[in-house]
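S.K.: A single structure is presented below for examination.
The values are calculated or read from the model by the stated rules, or taken from the named source; none is laboratory data. Please read all numbers here as calculations on a predicted model, not as lab measurements. Neighbour counts are summed over all protein chains in view; Cβ atoms, including those assigned to glycine, are modelled from backbone coordinates with ideal geometry.
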Amino acid sequence: MAVTEEERHELYSWIEGQAGPQIAATLMKHLPPVGWMDVTTNIELEKVRRELVGRIDGGDAKTGQMEASLSARMDQLEAELSAGMDQVDASLSARMDQLEAELSAGMDQVDAKSSARMDRAEVALTSKIDVEVATLRTAMSDGFERQTRVMILAMVGSMATMTSLVVAAVGLAG
């Protein structure tokens with residue numbers, strides 16, 4: 001049964017009356033402020049300490065298990081992420097190879113079309129040049145032919161004139 005504050009005060013007052021205030025105060029300091037049922041013994045404290053240590057050790061074991069479980073899960077996630085990254089890398093590499101092949105094929109087509117156009121342009125240009133050269137040859141041939149006729153006629157005329165002059169000079173001299 002717990003002692004009330006009023007009962008403690010009555011006890012202090014009685015001891016003070018019997019032994020004096022100093023002894024009453026000293027004695028009251030040595031009495032617990034609550035009932036003896038509320039006072040904990042060293043044995044009880046040791047029991048509670050052992051119980052807490054057991055719980056902490058159990059918690060440490062659980063923490064170790066949780067840590068191992070989390071570590072395993074993290075390793076699994078890392079492996080899955082690595083595998084996923086490898087798949088993405090392989091997929092991107094394959095796609096890039098495909099695009100490179102398509103680009104190369106497209107460039108080959110462009111090259112072939114450009115070569116064909118250049119060949120056609122060369123043939124057309126060569127044909128035009130051949131026509132122009134033929135036209136120029138014909139014009140030059142016609143011009144040379146006319147010029148040659150004119151020169152031959154001029155020479156024949158000059159020779160006729162010279163012959164006439166020589167005949168006239170011989171007729172005058174003789």
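S.K.: Within region 53-69, is there a residue that is in contact (Cβ under 8 Å) with a residue 24 or more places away in the chain, more than 31 Å from the chain's Cα centre (by Cα) and either assigned to a helix (DSSP H, G or I) or loosely packed, with under 10 Cβ neighbours inside 10 Å (or both)? Write out each step before concluding.
M.R.: Applying the first criterion (in contact (Cβ under 8 Å) with a residue 24 or more places away in the chain) to region 53-69 yields none.
No - not one qualifying residue is present in region 53-69.
S.K.: Identify, from the list Val34, Val48, the residue that is closer than 30 Å to Glu5 by Cβ and at pLDDT 90 or above. Talk me through it step by step, then tell me what you get.
M.R.: Values: Val34 fails: at pLDDT 90 or above.
The conditions single out Val48.
So that you can scan it fast, the table gives a plain yes or no per residue for (1) loosely packed, with under 10 Cβ neighbours inside 10 Å; (2) at pLDDT below 85; (3) out of contact with any strand residue (DSSP E or B) (no Cβ under 9 Å at 6 or more places or on another chain); (4) not in a helix (DSSP H, G or I):
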residue: Ala2; (1), (2), (3), (4): yes, yes, yes, yes
residue: Tyr12; (1), (2), (3), (4): no, no, yes, no
residue: Gln22; (1), (2), (3), (4): yes, no, yes, no
residue: Thr40; (1), (2), (3), (4): yes, yes, yes, yes
residue: Ser71; (1), (2), (3), (4): no, no, yes, no
residue: Gln76; (1), (2), (3), (4): no, no, yes, no
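S.K.: Looking at region 134-141, is at least one residue surrounded by 10 or more Cβ atoms within 10 Å (Cβ to Cβ) and either of a type in the set (Lys, Arg) or within 60 Å of the chain's Cα centre (by Cα) (or both)?
M.R.: Within region 134-141, the subset surrounded by 10 or more Cβ atoms within 10 Å (Cβ to Cβ) is 134-141.
This time we only want the ones that are either of a type in the set (Lys, Arg) or within 60 Å of the chain's Cα centre (by Cα) (or both), so: 137.
There is at least one residue in region 134-141 that is surrounded by 10 or more Cβ atoms within 10 Å (Cβ to Cβ) and either of a type in the set (Lys, Arg) or within 60 Å of the chain's Cα centre (by Cα) (or both).
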